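The values are calculated or read from the model by the stated rules, or taken from the named source; none is laboratory data. Everything quoted here is computed from the prediction, not taken from an experiment. Positions of Cβ are generated from backbone atoms using ideal geometry, with glycine treated the same way; all protein chains shown enter the neighbour counts.
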């Protein structure tokens, strides 16, 4: 396994998958490898959980240069773990993502009767799906929720306590207002 010192990533190829660099070296047990990037508060919480499970973890602020220029904290954190713990940390992330997905799937399906879409967006869905949505667009999206590989909380959408849920299913993505359960946006794979 090779290591890119620029991107802090383990690579199985002769080039770094992120920067394309060729100057890779053999990875060492203590090399810190990029694990994930997330909102700063979530990143710190994940780092605490990893440390609590015996996985060393380092966080580095990441985000917009504008925040730096204005002396504001950066909005994201990048998490790094030693190579020897990378697979264990990835397994923990997968388990946490699966738990989150099932929690949100249950919430959405329990409230499926409240799922709605604006007439304008409904017309757009019918056109983009080339009729694959059938007679009921909301039923189409309910089926998409059931078959989603990943459902995640995308965080605040506007001022207040609104948040968006993103459902990912076989190349389709749906954004749902988590409070009103309105379908606010979508991206469908070509049909």
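Points to keep in mind about this one:
- Residue within the range 84-104 that is in a strand (DSSP E or B) and out of contact with any helix residue (DSSP H, G or I) (no Cβ under 7 Å at 6 or more places or on another chain) present: no
- Some residue of the range 117-135 being at pLDDT 90 or above, in contact with a strand residue (DSSP E or B) (Cβ under 7 Å, 6 or more places away or on another chain) and surrounded by 11 or more Cβ atoms within 10 Å (Cβ to Cβ): yes
- Filtered residues of the range 10-40 (kept if without any contact (Cβ under 8 Å) to a residue 24 or more places away in the chain, part of a loop (DSSP other than H, G, I, E, B) and over 21 Å from residue 94 (Cβ atoms)): 13, 14, 15, 16, 19, 20, 21, 22, 23
- The set of residues in the range 75-106 being under 16 Å from residue 142 (Cα atoms) and exposed (fewer than 15 other Cβ atoms within 10 Å of the Cβ) consists of 102, 103, 106.
- Some residue of the range 41-56 being assigned to a loop (DSSP other than H, G, I, E, B) and in contact with a strand residue (DSSP E or B) (Cβ under 7 Å, 6 or more places away or on another chain): yes
- Number of positions in the range 153-171 that are more than 16 Å from residue 38 (Cα to Cα), in contact with a strand residue (DSSP E or B) (Cβ under 7 Å, 6 or more places away or on another chain) and at pLDDT 90 or above: 2
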